[in-house]
Structures are given as structure tokens and as C-alpha cells.
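J.: Attaching a single structure in C-alpha cells format; questions to follow.
The values are calculated or read from the model by the stated rules, or taken from the named source; none is laboratory data. Quick caveat, the model's predicted, so the values are computed rather than measured. Cβ placement follows ideal geometry from the backbone for every residue including glycine, while neighbour counts extend to all protein chains displayed. Areas reflect the complete protein model, heavy atoms only, side chains present, ligands, DNA and RNA absent. Shrake-Rupley method; radii C 1.70, N 1.55, O 1.52, S 1.80 Å.
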Amino acid sequence: MARITMREAISQALWEEMERDPKVFIQGEEVGVWGGSYAVTRGFYDHFGGERVRDTPISESAIIGSAIGAALTGLRPVAELMTINFAFVAMDHIVNQAAKLHYMFGGQMVLPIVIRAVSGGGRQLAATHSQTPDVIFAHFPGLKVVAPGTPYDAKGLLKSAIRSDDPVLYIEHATLYQMRGEVPDGEYLEPLGKSKIQRPGKDVTIVTYSKGLDLSMKAATELAKDGIEAEIVDLRSLQPLDMEPVYESFKKTNRAVIVEEGWRTFGIGAEISARIYEEAFDYIDAPIVRIGQKQVPLPYNRNLEQMALPQVEDVIKGVKEIV
Amino acid sequence: MEKREHLDLYFQMVTIRRLEERAAELYQEGKIGGFLHLYIGQEAVSTGVISARQPEDRIITAYRDHGVAINCGIPARVVMAELMGKATGCSKGKGGSMHMADVTKNYFGGHAIVGSHLPLASGLALGDLYQHNPRVTVCMFGDGATNIGFFHEAVNLSKVWNLPILWLCENNQYGMGTAVERASAVPEIPQKAEGYGIPNSRVDGMNIMEVREAALEIIKKIREGGGPYFLEAVTYRYRGHSMGDPERYRKPEEIHHWQENDPIGIYRRYLVDRQLASEEELNQKDIDAQTEIDEAVQFAESSPEPAPESLYQDVFVEP
Ligand SMILES: Cc1ncc(C[n+]2csc(CCOP(=O)(O)OP(=O)(O)O)c2C)c(N)n1
Ligand SMILES: [Mg+2]
């Protein structure tokens, strides 16, 4: 076991998969010479060369569209969007092509593509560059959406995503790159579409993922001081969505708080709580609480931005409302 | 041009330079956050072209926008306040470095999604064409932006509808770390305009008088109904793409080479050689610009933070 950062974990997964399979290649803006704008692919260009680490023009539609085309010829592209905000430029290719082709052509077309994208606010990048729109992508059948919250999961899930024959949107949170965690030395894979208990507890179930996991873990540590043991279910994958661990936990705690960084309105909390109401109604002992971003575009000013984003204190408060 | 006007343009360029040097320091001190893209080296482009517009002409640009803001007449202290996210900033602290605007000055902002403002520019020009306003829209963007679909759609539309628009490409040789020839099928960017049948030319973007003269003539033609025009200004940014750029893609010698053609130095020599201004007068302008920036920082630092309730304001016009 080694303690490495999220950045290193993602980088290792890419490196190992590229070493393992020559069909895997990377394309995106500044992935090569620059080394990735978040330094994830630093050193890749020198090692793998420009054929496999392809700097692209600023052309998001073509980055995703051509990755789809290349995948149809049997390659396994990892297409990088510098930030998920630019996914909107490539929305047609993500939504109308990547998510549809396999189904629409009766299963003939197989597109093993991974779209890596950096999501999240909290860095004062203002409204267009700070979004956490992860849930939007989980709305479309045909696209897998993965968003790890620990280095361990980041590595194992990315390797599985690259080996998957389905299109996968792999979402990295901009403020988690420095987070450290234990990662095994040898090769391992984590399955896509499986939720995971990241912290056992008995008093309340916190359902979350990505940055929300970090907030929830910190909140749980504080809550434990007051004798409240929160169980944290990390979705890790928004599509497919694995609800079994959520139901199991909820049937034990009878209380749930759902934590996401994105806007609360029509968010993940809405989906998860609806499913709990549908599948575990008899177990509900308290209203389900949803924590998310205030319904405003994120402002540049630091104080305002932090006001709009969910905080550890919000999670603590949310739990205390129902426990 | 009168001496007073020359001195004013010189003052604007130096003000931009000092403002941004100071902004870089404030960024290191943590008083400015987010992304900060400096315009240092490119000042002659916006100063030249904006000096050639009428006040009713519309300006729109990308995120490298502090210089444009100054040239459009936003006071340095208001720009500085926006950089520090204060309530007194031009976007009330909500936009930051990348999102400066003042619509009362017909400056429709800095825009952070590469190329996304080009279709908006087509719309500004359409609005004026539709309403028979004899106004011209000047749309500024980088070399890298000519590779995104937005560019091609907006430029094509401008020709199809004969829109009164000046497409001003600031070719500073790189889009982040990617050199023009590594990203653009044609290294000669005006060829892209040629492909859409739009008249075009190139100008030395380090030389303010060349930029200004070209822009004056072009804007006049556009105003007379000549339709869209594409101007490439060849320039260079001396600083990294934004703060924290590792700059692995270029050599220091290349930067030094371009620094020998510093746009402020070129203009200074031009003014002195033609006896349009004396060294003393220019030195005084340098001092004035420094004072302006010192005051701007003071103003910004002593300005209030936006009120908490402003978080919810301006989401919609109506409640
Ligand atoms: C659609 C989109 N893709 C990527 C980015 C990230 N990005 C910001 S600036 C930039 C380079 C733009 O280069 P250029 O147009 O030449 O302008 P310059 O920065 O040189 O002024 C990139 C890739 C973005 N903001 N928007
Ligand atoms: Mg450029």
C-alpha cells in the first residue's frame, strides 16, 4: 500500500492501461506538451509519444466526436475535456452520439470510449467554469457516469472504465486532486456501477459521491464526537446507479441525508430520496434531507461562492435535524 | 491626431501594464483568485482598435480582458475592485478577472468559454443592422479560438447576413501551450476568413499606430455597409497563459525576442522620434499611471465585500 494523491492515482491508471493495451490512447487540449492542465498526464508525452498522447485544437465537438469514430474502429480512446463545463460544447456528441449509437443501431456499434472531465466549484472561477453538472449526464440512458471520491476508487474505477466496452464519462473533482489515500501496489480493478460503504454507522445514512464524500467524511468525524454514527454510502457511479447498499443502510438507520455539490434542484438528492420513498417507505422515520448547491450561478467572490456551495457544517446541521 | 490624444493612448497602455503587473502580485498574495490571464505584451492591439471606434460601437472579447476594459473607459479602480471580487467592481464581484463588462460603455464583456462570444457578436451586429443603427461591432478573440466550431458558424453567418462586424483575431502565437501551427490547418489565419469570402488583412499588433490606422479605415467601410471584415493582429503575450503556467512549450529566448518589440517601447519611440511628445511628458504619464494604479489598489482594498444577500440577486430580472 502506498499513500498517493488522487492526481497520482488517476495518472497511474492511465499509464498502466496505456502500457497494457496499445489501443488505448489519449486526446485532448494540452494533454501532451503541457502535461495536462491539471498535470495528470505529465510525462506521458515524452514516454508514449505524440501518436498516443494527442494534443488537439480547441475543438470539443471534434475531441469527443472523433474519439467516438476511433472507438468504432476498435480503438479505446480516452478523450479529455479540460473541464466539464466544456462538455456543453460537445453535448451533441456526448448525448446524441455516445449515449445512443449502441442502442439505436441494434447493438452493432460498440464504442469503448472514456471521457475524462474535471468538475466542481470552489476555486473562484466564476459561473461558467465552476459547475458541477454531473447529474445532467446521468439523465441519459446509454452513458455510464463515474465519479470517484478517493484515490483508491479513482484508480480502480478508471482502469475498469478504460476496459469497459461502453462509453463512460469519468468525472474528477477539481478540488480533490491533492487528496491522499491508500492505494495497493499491484494491479486492481473496481467494478463500475457499484456503490460502496465508505464508513459504517448506525444512526443515519449519508448518501453521497465525489466531493460530497469528502464533506460527509469530515462531517461524520464531527458527528461522532456527539455520539452520532453516520453510515456513508458512496455512489461512485451515477449511472448505473446501485441502490442496494443505500436501501440496506437505510433499513438499518431509518434516516437519510443526501449530499451533492451540484444544484439541489432536480439533483441527485431528488432521485435518491424518491427511490427511498418508493422502495423503503415503511422504514422512514424522519424526512429525508437534501444538501446541495444554492440555486444560483456560482459567483467569483470567495465568500459568496462558499455561501453557495455545500459545506461540512451544512451536512452536520442536516444530520442533526433528523437524528 | 492631436498630442493630447497620443498622450492619452500612451497613458492607457502604461495603465494596463501597471495594472496587470500589480494584479500578478496581488494574485501571489492571495488577494485575487480564480484564473488571471494577463494581456501584457498585447496592449497595442486593444488600445489601437478601441481608439478607432465611436463610443456607440460595440466591443466584445474573451477572458484576457483587463486591457479592453481600461480602453473602453472602465476606471482602473473599478477593474481592480472586480479583480478583488469587491461590490464596487464592474460586475459587482461576481465575474472576476475573466468577466469584466460595462454595457453603458458598449463593452459587452470578457467571456471565458473559448469562442462562445463570437456568435454573440454576430447578434450584436444583427441587432444594429435590424434597427438601422449605424454601429459597428468589434469582436476580439485569440488564434486558438479560430479552431472551434463557434468561430466558423459566427463568421459564416456574418457574411451571409452582411453584418457590420470587425472580427479581430489577436494572434499571440499560442492557445495555452499549443502553437498556432500545431492546432490550425492553415497557419495563415486570415485564410479562414478568405474561405468565407470575407475581406481580410494582417497588421503588426505590437505597433499601435498601425493597428489604429487599419481599424479606422476598416470600421469606416463597415459602417458604410461594407459587411464583415477580418483583421489579424500579430502579437505576443509576455506572461504565461494564466498564472501558474509551467511554460514548457516555449523558450525564454523567444520571449526576449518579442520583448525587444515591446508595444509600449515602440509607441514611445514613435512619439519621441516624431516630436509628438517629449521624454519628460512621457515620463510624467508613467508616473500618472503608477499613481492611478496605486489609488486603484487602495480603492479596491478598502471597498466592501458584496453583501451576502447579493448572492441571490440578478439570477433573474424579475423575482
Ligand atoms: C470551450 C473551451 N475550451 C477550452 C477552454 C480552456 N482554455 C481557456 S483559454 C484557452 C486557449 C485559448 O487560446 P487563444 O484563443 O489563442 O487565446 P489566448 O489565450 O492566446 O489569448 C483554452 C484552451 C475554454 N475556456 N473554453
Ligand atoms: Mg492565442
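J.: Where the second residue is of a type outside the set (A, V, I, L, M) and more than 11 Å from ligand 2 (Cβ to nearest atom) and the first is within 10 Å of B:Leu118 (Cα to Cα) and within 14 Å of chain A (Cβ to nearest Cβ) and lies in the range B:129-145, which pairs have Cβ atoms under 7 Å and are six or more apart or on separate chains?
T.: What qualifies is B:Phe141/B:Gly115; B:Ala145/B:Gly115; B:Ala145/B:Phe151.
Here's the yes/no breakdown for (1) closer than 14 Å to A:Phe86 by Cβ; (2) assigned to a helix (DSSP H, G or I); (3) within 14 Å of chain B (Cβ to nearest Cβ); (4) open to solvent by 10 Å² or more (accessible area, probe 1.4 Å):
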| site | (1), (2), (3), (4) |
| --- | --- |
| A:Arg123 | no, no, yes, yes |
| A:Thr128 | yes, yes, yes, yes |
| A:Val135 | no, yes, no, yes |
| A:Phe140 | no, no, no, yes |
| A:Pro148 | no, no, no, no |
| A:Ala154 | no, yes, no, no |
| A:Leu157 | no, yes, no, no |
| A:Ala161 | no, yes, no, no |
| A:Ile171 | yes, no, no, no |
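J.: Same structure, new question: Is it true that A:Gln97 is closer than 30 Å to B:Tyr27 by Cα and either assigned to a loop (DSSP other than H, G, I, E, B) or open to solvent by 50 Å² or more (accessible area, probe 1.4 Å) (or both)? Please lay out each step first, then the result.
T.: Numbers: closer than 30 Å to B:Tyr27 by Cα: no; either assigned to a loop (DSSP other than H, G, I, E, B) or open to solvent by 50 Å² or more (accessible area, probe 1.4 Å) (or both): yes.
Against the criterion (closer than 30 Å to B:Tyr27 by Cα and either assigned to a loop (DSSP other than H, G, I, E, B) or open to solvent by 50 Å² or more (accessible area, probe 1.4 Å) (or both)), A:Gln97 does not qualify.
J.: On the given criteria, is A:Gly28 closer than 17 Å to A:Ala70 by Cα, within 14 Å of chain B (Cβ to nearest Cβ), in contact with a Leu (Cβ under 9 Å, 6 or more places away or on another chain) and not aliphatic (A, V, I, L, M)? Before the answer, list the steps.
T.: Values: closer than 17 Å to A:Ala70 by Cα: yes; within 14 Å of chain B (Cβ to nearest Cβ): yes; in contact with a Leu (Cβ under 9 Å, 6 or more places away or on another chain): yes; not aliphatic (A, V, I, L, M): yes.
Against the criterion (closer than 17 Å to A:Ala70 by Cα, within 14 Å of chain B (Cβ to nearest Cβ), in contact with a Leu (Cβ under 9 Å, 6 or more places away or on another chain) and not aliphatic (A, V, I, L, M)), A:Gly28 qualifies.
J.: Anything in the range A:215-254 that is of a type in the set (Phe, Trp, Tyr) and either in contact with a Lys or Arg (Cβ under 6 Å, 6 or more places away or on another chain) or surrounded by 17 or more Cβ atoms within 10 Å (Cβ to Cβ) (or both)? List them, or say none. Reasoning before the result, please.
T.: Residues of the range A:215-254 of a type in the set (Phe, Trp, Tyr): A:247, A:250.
Correct list: A:Phe250 only.
J.: Continuing with the same structure: Taking helices (runs of 4 or more DSSP H) that fall entirely within the range B:14-112, which contain at least 1 residues that are more than 14 Å from chain A (Cβ to nearest Cβ) and more than 13 Å from the chain's Cα centre (by Cα)?
T.: Details: elements: B:43-51, B:66-71, B:76-83.
Passing ranges, in order: B:76-83.
J.: Need the failing condition index for A:Phe88 against (1) more than 27 Å from B:Tyr249 (Cα to Cα); (2) more than 20 Å from the chain's Cα centre (by Cα); (3) open to solvent by 20 Å² or more (accessible area, probe 1.4 Å), just the number.
T.: For A:Phe88, the exception is condition (2).
J.: Tell me yes or no: at least one residue of the range B:157-179 is more than 12 Å from chain A (Cβ to nearest Cβ) and without any contact (Cβ under 8 Å) to a residue 12 or more places away in the chain.
T.: Initially, the range B:157-179 is screened for residues more than 12 Å from chain A (Cβ to nearest Cβ), giving B:157-173.
Keeping just the survivors that are without any contact (Cβ under 8 Å) to a residue 12 or more places away in the chain gives B:160.
Yes, the range B:157-179 has at least one match.
J.: Does any residue in the range B:245-263 that is closer than 27 Å to B:Tyr10 by Cα come within less than 8 Å, Cβ to Cβ, of a residue that is open to solvent by less than 60 Å² (accessible area, probe 1.4 Å) and at pLDDT below 95 six or more places away or on a different chain, and which pairs are these?
T.: none
J.: If I ask for residues that are outside any strand (DSSP E or B), open to solvent by 50 Å² or more (accessible area, probe 1.4 Å) and more than 15 Å from A:Met6 (Cα to Cα), which ones from the range A:173-197 would you list?
T.: Scanning the range A:173-197 gives A:Glu187, A:Leu189, A:Pro191, A:Lys194.
J.: Show the residue pairs that are 6+ apart or on different chains and have beta-carbon atoms under 6 Å apart, the first residue being within the range A:83-104 and more than 25 Å from A:Leu125 (Cβ to Cβ), the second being open to solvent by 50 Å² or more (accessible area, probe 1.4 Å) and modelled with pLDDT of 95 or more.
T.: A:Leu101/A:Met109; A:His102/A:Met109
J.: Name the residue that is farthest from the chain's Cα centre (by Cα), counting only residues in the range B:211-232 that are buried (at least 17 other Cβ atoms within 10 Å of the Cβ) and closer than 20 Å to B:Leu271 by Cβ.
T.: So the residue we want is B:Ala214.
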